[in-house]
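Remarks on the structure that follows.
The values are calculated or read from the model by the stated rules, or taken from the named source; none is laboratory data. Everything numeric here is computed off the predicted structure, so don't read it as measured data. Note that we place each Cβ from the backbone using ideal geometry, even for glycine, and neighbour counts take in every protein chain shown.
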Amino acid sequence: MLTTEQKPIEEILKYLEGDKDVFIVGCRGCAEGCHTGGEQEVLDIKQKLGDAGKTVTGTSLIDFMCNENLVRMTLQAQEDKIVDADSLIVLCCGIGVQATSAVVDKIVHPGCNTVSMGGRHGEWRDGERCLECGNCILEFTGGICPIARCAKSLLHGPCGGSEGGKCEVHPDLPCAWDLIIQRLTKLGKLDILEDIVPPKNWGVSLTGGPPRPR
Ligand code: SF4
Ligand code: SF4
């Protein structure tokens with residue numbers, strides 16, 4: 001099961017500055033089990049966003065957001081409400097946020113931090129998408145994780161070795177930072193990369209460095 005913690009509402013509202021209409025997505029899988037993204041939490045966030053003057057265009061609960069095809073099918077059925085939204089907020093693990101980003105051409109805000117991926121979870125077509133860093137930064141990277149998908153886990157990329165959209169370490173794989181820049185360009189949000197982002201808190205990460213007790 002993927003363990004998530006909901007981000008503080010102040011952080012979520014900061015993400016939503018400039019967005020008036022928002023669509024909320026939750027997950028009936030692990031996030032419901034963690035009480036971070038199930039039915040009740042979606043209702044709670046809906047209330048808080050309404051109190052903050054946002055309009056919620058719709059909500060959706062998906063059985064397993066780590067299944068990209070399921071996310072695609074479910075959200076396609078909500079297209080009319082998503083079209084009306086400036087952005088989406090997703091209450092689940094980093095994989096679900098990325099699955100949503102892959103199927104919706106809008107900014108997708110992460111509502112949770114993924115802190116552990118113990119146990120089984122859904123598979124995505126080409127490998128690991130989240131390394132449970134505990135301090136999700138998908139907000140700043142167009143919904144594509146550089147921790148998991150960049151060979152050097154760079155927070156500021158691409159490195160000098162990216163060539164033709166491929167990674168210098170794994171030339172058979174796309175450069176994650178090339179994907180991030182393409183995605184933000186497509187959304188007209190490349191200016192996000194000019195934001196000054198506070199230093200990442202690696203103290204909450206369970207990956208990288210020597211093994212730690214869980
Ligand atoms: S930034 Fe990446 S590794 Fe960290 S929680 Fe988000 S998806 Fe997972
Ligand atoms: S080429 Fe891209 S994915 Fe590969 S290490 Fe450099 S920035 Fe990361």
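Comparison of 83, 56, 71, 25 shows that the only residue that is under 17 Å from the mean Cα position of the chain (by Cα), without any contact (Cβ under 8 Å) to a residue 60 or more places away in the chain and on the phi < 0 side of the Ramachandran plot is 71. State which residue is surrounded by the fewest Cβ atoms within 10 Å (Cβ to Cβ) when the search covers only the range 1-16 and only residues that are assigned to a loop (DSSP other than H, G, I, E, B) and modelled with pLDDT of 95 or more. The residue in question is 8.
Within the range 153-173, the set of residues being farther than 21 Å from residue 202 by Cβ and either acidic (Asp, Glu) or within 14 Å of ligand 1 (Cβ to nearest atom) (or both) comprises 163, 168, 172. Given the structure, is residue 208 in a loop (DSSP other than H, G, I, E, B) and modelled with pLDDT of 90 or more? The answer is no for residue 208.
Of the residues making up the range 146-177, those that are touching a helix residue (DSSP H, G or I) at 6+ places or on another chain (Cβ under 6 Å) and either more than 8 Å from ligand 2 (Cβ to nearest atom) or in contact (Cβ under 8 Å) with a residue 24 or more places away in the chain (or both) are 146, 149, 150, 153, 165, 176. Only residues that are touching a residue at least 40 places away in the same chain (Cβ under 8 Å) and either exposed (fewer than 14 other Cβ atoms within 10 Å of the Cβ) or aliphatic (A, V, I, L, M) (or both) were counted in the range 178-188, giving 3.
Look through 36, 57 and report the one residue that is modelled with pLDDT of 95 or more and either away from ligand 2 (no atom under 16 Å from the Cβ) or touching a helix residue (DSSP H, G or I) at 6+ places or on another chain (Cβ under 7 Å) (or both). None of the others qualify; the one that does is 57. Condition check for residue 182 on (1) of a type outside the set (A, V, I, L, M, F, W, C); (2) more than 16 Å from ligand 1 (Cβ to nearest atom); (3) modelled with pLDDT under 95: one failure, at (3). Here is the figure for the range 138-152: residues that are within 8 Å of ligand 1 (Cβ to nearest atom) and in contact with a Leu (Cβ under 7 Å, 6 or more places away or on another chain) total 4.
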